[in-house]
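Since the structure comes first, as structure tokens, the remarks are kept for the end.
What follows draws every value from the coordinates through simple rules; no lab data is involved. Keep in mind that what you see is a predicted model, and the values were worked out from it rather than measured.
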Amino acid sequence: MIDSKTIVKTFSALAHPSRVDIFKCLLSHYPEGLKAATLSTETSLAPSTLSHHLREMEKGGVIIRHIDGQSTITSLDLTRLTTITSELMLSLIHI
């Protein structure tokens, strides 16, 4: 079972309107992900602002970044979110 601190950390990573926009954008490009420049354009976020939000999302386990040649690709890591959602739904069933 995932502990409460991990759940809070993950949900906190999405607790900003810009991060929700990033999440939705990456979801429409799942599982391939996007280069930072494309993500910046599609979300209308300045690169420095985008970078800040991506760091928070990475800390929360919502995204992963990997190097592809000279580019960094950002994609969603739905593993933790899926696990948390499943566990929360299962605990609802047992109420």
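Taking every pair of Cα atoms in the stretch 11-73, average 1/r, invert it to obtain the Kirkwood radius, and report Rg/Rh to two decimals.
Numbers: Rg = 10.7 Å, Rh = 11.6 Å.
My calculation puts Rg/Rh at 0.92.
Using Cα-Cα distances under 8 Å and only pairs 6 or more residues apart, what relative contact order does the chain have, in percent?
On the way: 96 pairs, mean separation 31.0, N = 95.
So the answer I get is 33 percent.
In straight Cα distance, which aspartates and glutamates are under 19 Å from K24, not counting same-chain residues fewer than 8 positions off?
List returned: E32, E42, E56, E58, D77.
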